[in-house]
Every structure is written in structure tokens, then in C-alpha cells.
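A quick write-up on the structure given underneath.
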Amino acid sequence: MKSPLPSPPTPRELDLLQVLWPISPATVQQVHQLMSKERPDLSHGAILRLMQIMHTKDLLVRDETHRFHLYSPAQAQEIVQTSLMRQLIQSAFSGSASAMLMTLVRSGTSEQEREEIQRLVREHAN
């Protein structure tokens with residue numbers, strides 16, 4: 001199955017998307033301020049370069065009509081997560097969603113998370 005993403009995001013790009021989804025649109029400065037809380041070693045220039053690369057990869061959309069460019073994710077969070085999950089199921093679980101789910105359940109999920117998974121499965125089965 002073809003991924004709806006133009007190019008799968010790298011781990012660092014995913015980190016940036018996790019920051020950008022809730023605040024979008026945002027300037028490089030805004031993203032840098034938030035990301036530097038957990039990664040103080042990241043410079044403004046590094047964030048700018050990463051966002052420019054992500055724009056060329058069609059992972060971000062850039063609005064150049066303002067004094068400072070505003071960036072937004074090109075895809076909604078759910079679309080990106082679904083695409084990455086499909087890729088993971090295909091590559092790591094030979095296409096078996098049930099094998100992926102069993103691994104997830106056995107990997108230390110809490111009782112509350114297991115109950116939530118059961119509830120979601122029941123809801124989507126109907």
C-alpha cells in the first residue's frame with residue numbers, strides 16, 4: 001500500500017511535527033523556543049534548516065505572506081500516524097495488525113491502556 005506521505009519523516013522531523021501540530025501555524029522562533037526546552041543544544045539555525053528541509057520534502061507548508069514565515073504541517077497528525085503505523089505493520093509484523101497489537105499488549109501496557117484498547121476494538125467492530 002502506498003503511503004499518503006510524500007516522504008516518511010525522520011525521528012528528528014517527527015519531534016518537530018509533535019511540537020508544531022498543536023501550535024500551527026508557527027514561526028521558526030516559536031518552534032525553537034518550544035524544542036529548546038527539551039533540547040537546549042538545538043540552535044535556531046538548526047531548527048530553521050530542518051524546517052526548510054521539511055518544506056522541500058512537502059512535510060511542511062510555508063506561508064510567506066507575513067514578515068516572518070509561518071509553517072504548518074502539510075498533513076494532519078492522524079494521517080501521519082496512520083501512515084507510519086501501516087509502514088511499521090508491513091515491515092515489522094509481515095502485514096499482521098493482530099501481531100502488532102499482541103506485541104503492544106505484551107510490551108508493558110497498563111491495565112487502563114488494555115481496557116481502552118478493548119473498548120476501541122469493540123466500538124470499531126460494530
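The values are calculated or read from the model by the stated rules, or taken from the named source; none is laboratory data. Everything numeric here is computed off the predicted structure, so don't read it as measured data. All Cβ positions, glycine included, derive from the backbone under ideal geometry; neighbour counts span all protein chains shown.
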- [ ] Could you tell me which residue of the stretch 34-74 is nearest to the chain's Cα centre (by Cα), considering only residues that are closer than 18 Å to Trp21 by Cβ and among the basic types (Lys, Arg)?
- [x] Lys57
Task: Criterion violated by Thr103 - all others in (1) assigned by TED's automatic domain parsing to the domain that holds Ile117; (2) surrounded by 15 or more Cβ atoms within 10 Å (Cβ to Cβ) satisfied - done: (2)
Task: Filter result for Ser43 (hydroxyl-bearing (Ser, Thr, Tyr), in contact with a Pro (Cβ under 7 Å, 6 or more places away or on another chain) and surrounded by 10 or more Cβ atoms within 10 Å (Cβ to Cβ)) - done: no
Open item on the list: It is to be established whether one or more residues within the stretch 48-68 are surrounded by 10 or more Cβ atoms within 10 Å (Cβ to Cβ), in contact with an Asp or Glu (Cβ under 9 Å, 6 or more places away or on another chain) and of a type outside the set (A, V, I, L, M).
Closed with: yes
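Residue-wise test of (1) in contact (Cβ under 8 Å) with a residue 24 or more places away in the chain; (2) farther than 17 Å from Leu14 by Cα.
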site: Leu59; (1), (2): yes, no
site: Asp63; (1), (2): yes, yes
site: Ser72; (1), (2): yes, no
site: Val80; (1), (2): yes, no
site: Phe93; (1), (2): no, yes
site: Glu116; (1), (2): no, yes
site: Arg119; (1), (2): no, yes
